[in-house]
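A.B. asks: I have a structure I would like to understand better, so I am pasting it below and will then ask my questions one at a time.
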């Protein structure tokens, strides 16, 4: 049987998830020529920023240390996005790339939520909010495919 995750681990997952999303959106934005998709990306960026801020605030108020993704991981993500959009920067391809990232985030977050029954209600609420937001973003992105 798997061991349950602590609330701080769930909060770290939320923070990591939002930072990967923010990084991906920032990396893909300059490659996005479709104006409607650019507006959607800005809206998504604002949503991830809001939840990242909630997680950071909770961590600060409760003496929990959150780590940002390292520079090597960020560089690899940037390189992957640049390479993928160099081949094809169509609206559908960008939406597909972001949908795949969103699905990975939903999967990781769902697993973490299921593994952390003992987590503080406020942490679970932040994680649930992120999960529902990502599920909504997945549906929105699919409309651009």
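Rule-based calculations on the coordinates, nothing more; no lab input. It should be emphasised that the depicted structure is a prediction, and the values quoted were computed from it without experimental measurement. Positions of Cβ are backbone-derived with ideal geometry, glycine not excepted, and every protein chain shown enters the neighbour counts.
A.B. asks: For the ranges 46-52, 125-131, what's the packing order if you count other beta-carbon atoms within 10 Å of each residue, average per peptide, and put the highest first?
C.D. replies: Values: 46-52: 17.1, 125-131: 19.1.
Per-residue Cβ counts within 10 Å, averaged per peptide and sorted highest first, yield 125-131, 46-52.
A.B. asks: If I fit a long axis through the Cα atoms of helix 7-28 and take the longest principal axis of the Cα atoms of the chain, what angle between them do I get, 0 to 90°, rounded to 10?
C.D. replies: It is inclined by approximately 10 degrees.
A.B. asks: Just subtract the alpha-carbon distance of residue 135 and residue 78 from 0.36 nm times their residue separation and send over the number in nm, one decimal.
C.D. replies: On the way: separation 57, 0.36 × 57 = 20.52 nm, distance 2.36 nm.
Contour length minus the Cα-Cα distance gives 18.2 nm.
A.B. asks: Taking the Cα atoms only, what angle lies between the long axis of helix 71-87 and the longest principal axis of the chain, rounded to 10 degrees?
C.D. replies: 30 degrees
A.B. asks: Counting only the backbone N, which residues of region 91-112 are under 16 Å from the spot 7 Å out from the Cα of residue 62 toward its beta-carbon?
C.D. replies: Label zone hits: 112.
A.B. asks: Which of 120, 27, 61 ends up with the largest GNM mean-square fluctuation for the chain, with Cα atoms connected below 10 Å?
C.D. replies: With Cα springs under 10 Å in the chain, the top fluctuation among 120, 27, 61 is at 61.
A.B. asks: Suppose each label sits 7 Å from its Cα in the direction of the beta carbon; what would the residue 93-residue 42 distance come out to in nanometres?
C.D. replies: Between residue 93 and residue 42, the simple spin-label model gives 2.5 nm.
A.B. asks: Treat the count of other C-beta atoms within 10 Å as a stand-in for reagent exposure and order 15, 58 from fewest to most.
C.D. replies: Final ranking by Cβ density, sparse to dense: 58, 15.
A.B. asks: Measure nothing but the geometry: give the 0 to 90° angle between the long axis through the Cα atoms of 91-114 and the longest principal axis through the Cα atoms of the chain, rounded to 10°.
C.D. replies: 10 degrees
A.B. asks: Specify the inter-centroid distance of region 1-58 and region 113-131, based on alpha-carbon positions, in whole Å.
C.D. replies: So the separation of the two Cα centres works out to 16 Å.
A.B. asks: Helix-derived [θ] at 222 nm for the chain: sum -39500 (n - 2.57) over DSSP H runs of at least 4, divide by residue count, nearest 500?
C.D. replies: On the way: 5 runs with 112 residues, N = 145.
Mean residue ellipticity, 222 nm, calculated: -27000 deg cm²/dmol.
A.B. asks: Got the relative contact order for region 7-142 handy, in percent, Cα pairs under 8 Å and 6 or more residues apart?
C.D. replies: Values: 125 pairs, mean separation 57.1, N = 136.
Reported as a whole number, the value is 42 percent.
A.B. asks: Of the labelled options (1) 10, 36, 33, 17, 4, 0; (2) 11, 41, 32, 13, 2; (3) 13, 46, 33, 7, 0, which one gives P(r) over Cα pairs in 10 Å bins from 0, in percent as computed for this structure?
C.D. replies: Computed from these coordinates, P(r) over Cα pairs in 10 Å bins from 0, in percent corresponds to label (2).
A.B. asks: Using the 10 angstrom Cβ neighbour count as an exposure proxy, how do 34, 63 rank, fewest first? Don't skip to the answer; put the middle values down first.
C.D. replies: Numbers: 34 16, 63 7.
The fewest-first ordering by Cβ neighbours comes to 63, 34.
A.B. asks: What residue among 82, 67, 54 shows peak mean-square fluctuation when the chain is described by a Gaussian network model with Cα springs under 10 Å?
C.D. replies: In this elastic network of the chain, the residue with the biggest mean-square fluctuation among 82, 67, 54 is 67.
A.B. asks: Pick from 35, 117, 68: which is most flexible by mean-square fluctuation in a GNM of the chain where alpha carbon atoms under 10 Å apart are linked?
C.D. replies: Highest fluctuation among the options: 35.
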